[in-house]
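Trainee: Have a look at this one before I ask anything.
Bear in mind these aren't lab numbers, they're just calculated from the coordinates by the rules spelled out. Nothing here was measured: the structure is a model prediction, and the numbers come from that model. Cβ sites come from the backbone with ideal geometry, for glycine too, and all protein chains shown count toward neighbours.
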Amino acid sequence: MSSPPVADLSPASTADISVWRSEPFRFFFPLGVILAWIGVGHWLLYATGVAATYSCMFHGLIQMQAFMMAFAIGFLLTALPRRTQTQPVARLEMTALATALVVFAVAALAERWVIAEAAYAALFALLIEFALRRFLTRGMGRRPPAAFVLLPIAALIGIAGAAMIAAAEMNTLAPWTGHLGLLMVEQGVFLCLAVGVGSLVLPLMSGMPPPADLGSSPRQTWKAVAYASAGAAILLSLILEQLGFDRGGPLMRALVVSLGLGLAGGAWRPPGKPGAHRKLVWLAVWMMPLGLLASAIWPDYRVPALHILFIGGFSLMVFGVGTHVALSHFNLEQLALGKPSAVIFLGAALLIALLARLAADFSNTYFIHLGWAAGVWILGSAVWLIFFCAKMLSS
Ligand code: HEM
C-alpha cells in the first residue's frame, strides 16, 4: 500500500489543528459522551451480570466530574475566546485538560479517589489559567457578562469539594466533610455553571441580543453582585443540607435556580424560536428546580428524585446546548430551526431513561430497571453522537 506524499499531508494537518483549537467542542463533546457511557454503563454491566459489584460513588462522580465537565470544558474553550475576541485555546492547554479528564476516569475506575480528585481540581486550575490569560490580555475585545461571576464560584466550590472528598478518603477529616464535598461537586458546581452559562446561552438560543458586558454600567455591576449572591446561596444551601436541613437545603437551591434561569435567564417564557433542541433545553431548565423540589418533598426518595435534576436537567441540558453549539458552528442554522430525528430520539430516550430510573425504586426489580434506564440513555446518546460526528465530518 503506497503512503500519500508528505506534501499532501502538511497543509491538511495544519488546517485540522486550527479547527480543533478554534472549536474545541469537536473533541470534548464526544469525549464527554464516552465518559458518560463508563458511568451510566456501570448499571447496565451490573444488571446484566457482566460486573459482579457496583459503586454508587463511582457512578455519581464519573457523571459529574468527567462527563459533565467534558461538556463544560468544550463549551467554555469555544465560547470564551469568541466572546472576548482573544486567541483560541493553546494546544498545550487542550492536551492538559484532556489528560486530566482521562486521568480522573482511570483513577475513578481504580477507585483511587485521591488521585481522581487531584485530577479534577487540576481541571479547574487549568480553566482558571485559561480564562485569566484571556481576561487580562490587553487586546480583549469584549468582557464576559455579569452572570459569569458564577464561573469562578463554581471552580472554588469544585476545588474545595474535591479537597474535602480526598481528605475524607485519607481519613484526615471527619466523614461528614467527605459527604459535603460530594454535595459540592455533584450539585454545587453544575448549578452555578448552569445559571452562569445559561444567562448567555438562553437569550442567544431564543434569538435575543446577548447580555451586556460586565462593568459596562452600574446596572451590570449590580447584576454581578446578584449572581455572586446566588452562588453564595447555593453553597449555603449545601451546608444547610449537610447540617440536617434535608428539605430546606434543596428547596433553597430550587428557588435560586428558578430565579436565576427562569427570571434572569428568561426561561419563564418558552423559547422564542423554533427548533427541537431549544424545547429540550427549556424543558431541562425546569427539570432542575423540579428535581430539587421533589427531593425536598420526599427526602426518603432523595436519590431517585434527584435524577430528575441529573438526567432530565443536567444531561438533557448539555446535549441540548451541545446541539446548539454544533449546529451553529457547522453553519446548519436551518436544521437548528427544525426537528432533526436524532435530537427527537435523544430527547425521548433521556425521558424514558428518567422514567425507568424513577420507577426502579417502586419496583421489585430494582436493578433490571436500572439496567434498562442505562441502556436507553446510552442508546439515545449514541444516536446523538453519530448525528454530531456526521455533521462534523461533513462541515
Ligand atoms: C440513565 C441511567 C442512570 C441510572 C440507572 C442511574 C442510577 C443511579 C443510582 C442507582 C445511584 C445511586 C443510588 C444510591 O446511592 O443508592 C445514582 C446516583 C447518582 N447518579 Fe445516577 N443514574 C443514571 C444517570 C445519571 C446521570 C445522567 C447523572 C448525571 C448527569 C447521574 C448522576 C448521579 C449522581 C450525582 C449520583 C449520586 C447522588 C447522591 O448520592 O447524592 N446519574 N444513580
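Trainee: For region 123-137, just list the computed ³J(HN,Hα) in residue order, Karplus coefficients 6.51, -1.76 and 1.60, θ = phi - 60°, integers in Hz, with x standing in for Gly and Pro.
Mentor: 4, 5, 4, 5, 5, 5, 4, 4, 5, 4, 4, 8, 6, 8, 6
Trainee: How large is the direction-averaged shadow of the alpha-carbon convex hull of the chain, in nm²? Before the final figure, lay out the partial values.
Mentor: Numbers: hull surface 85.7 nm².
If you wrap the Cα atoms of the chain in a convex hull and average its projections, you get 21.4 nm².
Trainee: For the chain, what does the relative contact order come out to in percent, with C-alpha contacts under 8 Å and a separation of six or more? Could the numbers behind the result be given before it?
Mentor: Values: 565 pairs, mean separation 57.9, N = 395.
Dividing the mean separation by the residue count of the chain yields 15 percent.
Trainee: Evaluate the charge dipole of region 24-141 about its Cα centre and quote only its size in Debye, nearest 20, assuming +1 on the Cβ of each Lys and Arg and -1 on the Cβ of each Asp and Glu.
Mentor: 540
Trainee: Ranking request for peptides 113-125, 183-195, 341-353: highest mean number of other beta-carbon atoms within 10 Å first, then the rest in descending order. Before the final figure, lay out the partial values.
Mentor: Working: 113-125: 21.0, 183-195: 26.2, 341-353: 19.5.
Order by mean packing, descending: 183-195, 113-125, 341-353.
Trainee: Right, next: Listed highest first by mean packing, meaning other Cβ atoms within 10 Å per residue, what order do 307-316, 264-273, 324-333 come in?
Mentor: Values: 307-316: 25.2, 264-273: 16.0, 324-333: 17.5.
Taking the mean over residues of other Cβ atoms within 10 Å, the ranking is 307-316, 324-333, 264-273.
Trainee: Let me ask something additional. Just want to confirm a number: the relative contact order over region 143-269, from Cα pairs under 8 angstrom separated by 6+ residues, in percent.
Mentor: On the way: 163 pairs, mean separation 39.0, N = 127.
Worked out over region 143-269, it gives 31 percent.
Trainee: In addition: If each of Ile352 and Thr53 carries a label point 7 Å out from its Cα toward its Cβ, how far apart are those two points in nm?
Mentor: Result: 3.3 nm between the two label points.
Trainee: Separate question: Taking the Cα centre of region 243-395 as origin, work out the dipole magnitude from +1 charges on Lys and Arg Cβ and -1 charges on Asp and Glu Cβ, in debye rounded to 20. The partial results should precede the final answer.
Mentor: Details: 10 positive and 4 negative charges, 71 e Å.
Roughly 340 debye, rounded to the nearest 20.
Trainee: Next question. Once the mean 1/r over all distinct Cα pairs of region 24-141 is inverted, what Kirkwood radius in angstroms do you read off? Write out the running numbers ahead of the final one.
Mentor: On the way: mean 1/r = 0.0665 Å⁻¹.
One over the average 1/r among Cα pairs gives 15.0 Å for region 24-141.
Trainee: Sticking with this one: I'd like the Karplus ³J(HN,Hα) series for region 347-363: coefficients 6.51, -1.76, 1.60, θ = phi - 60°, whole numbers in Hz, and an x wherever there's a Gly or Pro.
Mentor: For region 347-363, the Karplus curve yields x, 5, 5, 5, 6, 5, 4, 4, 4, 5, 5, 5, 5, 3, 6, 9, 10 Hz.
Trainee: Using only the Cα atoms of region 186-333, what are the Rg and Dmax in Å?
Mentor: Radius of gyration, then largest Cα-Cα span, for region 186-333: 15.7, 50 Å.
Trainee: Applying the Karplus parametrisation 6.51 cos²θ - 1.76 cosθ + 1.60 with θ = phi - 60° to the phi angles of region 302-309, what ³J(HN,Hα) value in whole Hz is obtained for each residue in order, glycine and proline being reported as x?
Mentor: Once θ is set to phi - 60°, the couplings for region 302-309 become 4, 5, x, 4, 5, 5, 5, 6 Hz.
Trainee: For the chain, give the magnitude of the charge dipole about the Cα centre (Cβ charges: +1 Lys/Arg, -1 Asp/Glu; no others), in debye to the nearest 20.
Mentor: Details: 23 positive and 15 negative charges, 246 e Å.
Once rounded to the nearest 20, the dipole reads 1180 debye.
Trainee: Another question, then. Projected onto the charge dipole of the chain (+1 at Lys/Arg Cβ, -1 at Asp/Glu Cβ, origin at the Cα centre), which of Phe71, Ile234, Gln334 gives the Cα projection farthest towards the positive end?
Mentor: Value computed over the given set: Gln334.
Trainee: Using +1 at the Cβ of each Lys and Arg and -1 at the Cβ of each Asp and Glu in the chain, identify which of Phe319, Ile165, Gly181 lies farthest towards the dipole's positive end.
Mentor: The Cα lying farthest towards the positive end belongs to Phe319.
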